[in-house]
Amino acid sequence: MTPGPQAADSHHALRHSWAEARAAAAAAAGPLPPSSAPLARASGRTLAGDLVALRDMPHYASSAMDGWAVSGTGPWILAEPGEPLHAHQASTIVTGGALPPGARAVLRREHGEVVPDDDGLPHLRLGPAAPPGSPSGGADIRPAGEEAREGEVLLRSGTDLGPAQVALAALAGYDEVPVTGRPLVKLVRTGGEVTEAGLPGPGRVRDVFSYLIPPLVEAYGGILAAHEKIGDGADEWAAALADTSSASGAPGEHDDDAPPADVVITTGGTGLGGSDYFRATVAELGGRLLIDGVAMRPGHPTVLAELPDGRFFLGLPGNPLAAVVGLVTVGEPLFAALCGREPLAAVELPSGEAFEAELKRTRVLPFRRMYGMASPATGIGSGMLRGLARADGFMVVPPHGLELAQPVACLPLPWGRTLDTPAKPAAAKGRRRSVAAKEPVDWSGLDA
Ligand SMILES: Nc1nc2c(c(=O)[nH]1)N[C@H]1C(S)=C(S)[C@@H](COP(=O)(O)OP(=O)(O)OC[C@H]3O[C@@H](n4cnc5c(N)ncnc54)[C@H](O)[C@@H]3O)O[C@H]1N2
Ligand code: MOO
């Protein structure tokens, strides 16, 4: 990016340690109020109130088989389908069809036959395949209220909604359901040098955040509602931050009715002029910086600001790994607070490596679980992604360092392996191979 107006003044006073930054982000917000979600967008949400049956389910008695609704014993005179039945009358019915008044049972099609009576008029009688005593009262009838009675609780408040729960809500006649609040997020990627496709030329870099940040935001409970790419100019920063509507930022797509984004995430520009633009916009909107840099490596330029109306701006550094560390450290506890849950719990694993002390800086390193220990991955420079691509999570190395096998706090990654399961034997991978195989041996089963 091009340097901004006060490029020299890029060093932040790192007021927050790693733990303080997480605590400050968690304390910055309270749970968002519940809202109503249309069924098509309810999966993945959490129910914010008991879901009750609005009436009996099913709300009418129906046939469970194709055949005839019958009243009394046979033979039966055939009546018009749907008309009330009197004793010794029957009418054709299909599976799921409403039972006519007076119907006492259903005779399956394969158990009955329609033949002429003495007067040549068609009537229904039991066929040779009919089991003795059929049809007994209530046979093959789905009574009303069989699944639930009106007012019965179908799903308890707090239930996680998935396809089956949403389908049950539809069966019960709901079009929308109350769900707990989740923050709407707008992502603003900055940097005139960032290209969107292909091999970038000299001085240019391929965008990675479109692939990294939306899934992390979703995993942490946010809803990515808007996504915008801007250059490095002060006016672009100010416009992107001032317009916090969750509508797409693309020209011509502005929607005044779109609700404001609860969190605006910016990427890049924290080190040079962008941080000034970020600060200037925060100040202009009457907001304040809650976190102004974190004593960690990478990701130290991460900033968090709160606006008077309760919205948040989260400024992530441009270096890819630094941005992920900023999002995991500050973004995750903020999203947790907005969703009304606890921040991600760290799991302690023995450190697979010894670390020297590093004054006042927490190191947040992509690691792989190997032999039950957390070992830093390779390729973990702040502009690199190879380490992250192999990582199970981040190990948090305190400023005073670590001895080999000393417990280290580890935060999982949504796509990494679970951290707190016992080590699996290599054979559990189920890969058989002969000793004579030509490819290199896959030792990854030993990592667990
Ligand atoms: N004088 C100082 N320089 C820097 C400091 C400092 O304290 N003093 N801090 C360094 C650290 S640490 C970091 S991290 C970076 C933060 O940089 P910015 O947030 O200003 O980010 P940019 O300069 O815009 O970009 C940095 C780097 O990341 C690349 N980038 C940006 N966007 C994307 C994207 N969407 N996809 C992939 N890569 C992206 C960008 O091209 C740069 O290479 O500042 C250090 N400097
Ligand atoms: O800490 Mo920067 O955040 O090195 O990449």
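In region 94-149, which residues are of a type in the set (Lys, Arg) and in a strand (DSSP E or B)?
Residues satisfying the conditions are 108, 125, 142.
Note on region 225-243: residues that are under 29 Å from residue 341 (Cα atoms) and either open to solvent by 30 Å² or more (accessible area, probe 1.4 Å) or among the polar types (S, T, N, Q) (or both) amount to 5. Among residues that are closer than 23 Å to residue 333 by Cα, open to solvent by 20 Å² or more (accessible area, probe 1.4 Å) and either aromatic (Phe, Trp, Tyr) or in contact (Cβ under 8 Å) with a residue 12 or more places away in the chain (or both), residue 361 is included. If you go through region 309-324 and keep only what is open to solvent by 10 Å² or more (accessible area, probe 1.4 Å) and under 19 Å from residue 338 (Cα atoms), you end up with 309, 310, 311. Apart from one condition, residue 316 fits all of (1) free of Cβ contacts under 8 Å to residues at least 12 places away in the same chain; (2) within 10 Å of ligand 1 (Cβ to nearest atom); the exception is (1). For residue 345, the criteria (1) in contact (Cβ under 8 Å) with a residue 12 or more places away in the chain; (2) under 20 Å from residue 411 (Cβ atoms) hold in every case but one, which is (1).
Tell me which residues, restricted to region 115-146, are surrounded by 16 or more Cβ atoms within 10 Å (Cβ to Cβ) and within 19 Å of residue 63 (Cα to Cα). Once the filter is applied, which keeps residues that are surrounded by 16 or more Cβ atoms within 10 Å (Cβ to Cβ) and within 19 Å of residue 63 (Cα to Cα), region 115-146 yields 124, 126, 130, 134, 135, 139, 140, 141, 142, 144, 145. Looking for something open to solvent by 70 Å² or more (accessible area, probe 1.4 Å), hydroxyl-bearing (Ser, Thr, Tyr) and not in a loop (DSSP other than H, G, I, E, B) - is there at least one such residue anywhere in region 70-87? Checking region 70-87: not a single residue is open to solvent by 70 Å² or more (accessible area, probe 1.4 Å), hydroxyl-bearing (Ser, Thr, Tyr) and not in a loop (DSSP other than H, G, I, E, B). Each residue in region 184-241 was checked for being without any contact (Cβ under 8 Å) to a residue 40 or more places away in the chain and among the β-branched types (Val, Ile, Thr), and 2 of them qualify. Looking only at residues in region 203-224 that are surrounded by fewer than 21 Cβ atoms within 10 Å (Cβ to Cβ) and under 15 Å from the mean Cα position of the chain (by Cα), which one is farthest from ligand 1 (Cβ to nearest atom)? For region 203-224, the residue satisfying everything is 223. In the set (1) open to solvent by 40 Å² or more (accessible area, probe 1.4 Å); (2) closer than 30 Å to residue 242 by Cα; (3) not small (Gly, Ala, Ser), the condition left unmet by residue 380 is number (2).
Does at least one position in region 339-357 carry a residue that is touching a strand residue (DSSP E or B) at 6+ places or on another chain (Cβ under 8 Å), closer than 22 Å to residue 417 by Cα and within 16 Å of ligand 2 (Cβ to nearest atom)? The answer is no; no qualifying residue exists.
Go through the residues of region 255-263 one by one and say whether even a single one is part of a strand (DSSP E or B), at pLDDT below 95 and more than 16 Å from ligand 2 (Cβ to nearest atom). Yes: region 255-263 contains one or more residues that are part of a strand (DSSP E or B), at pLDDT below 95 and more than 16 Å from ligand 2 (Cβ to nearest atom). Within region 156-175, being of a type outside the set (Ser, Thr, Tyr) and closer than 24 Å to residue 220 by Cβ holds for 158, 160, 161, 162, 163, 165, 166. Each residue in region 366-394 was checked for being of a type in the set (A, V, I, L, M), away from ligand 1 (no atom under 15 Å from the Cβ) and modelled with pLDDT of 95 or more, and 4 of them qualify.
Residues are listed down the side, and each one gets a yes or a no for (1) part of a loop (DSSP other than H, G, I, E, B); (2) within 19 Å of residue 213 (Cβ to Cβ):
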residue: 360; (1), (2): yes, no
residue: 367; (1), (2): no, no
residue: 374; (1), (2): no, no
residue: 380; (1), (2): yes, yes
residue: 395; (1), (2): no, no
residue: 409; (1), (2): no, no
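Count of region 295-325 residues, restricted to those that are within 16 Å of ligand 2 (Cβ to nearest atom), within 15 Å of residue 15 (Cα to Cα) and out of contact with any Asp or Glu (no Cβ under 8 Å at 6 or more places or on another chain), is 7. The residues in region 271-301 that are open to solvent by less than 30 Å² (accessible area, probe 1.4 Å), assigned to a strand (DSSP E or B), modelled with pLDDT of 95 or more and within 13 Å of ligand 1 (Cβ to nearest atom) can be counted, and the count is 3.
The values are calculated or read from the model by the stated rules, or taken from the named source; none is laboratory data. What you see is a predicted model; the values in this text were computed from it and never measured. We place every Cβ from the backbone using ideal geometry, glycine too, and count neighbours over all the protein chains shown. Please note that ligands, DNA and RNA were not included when accessible areas were found on the heavy atoms of the full protein model with its side chains. Shrake-Rupley method; radii C 1.70, N 1.55, O 1.52, S 1.80 Å.
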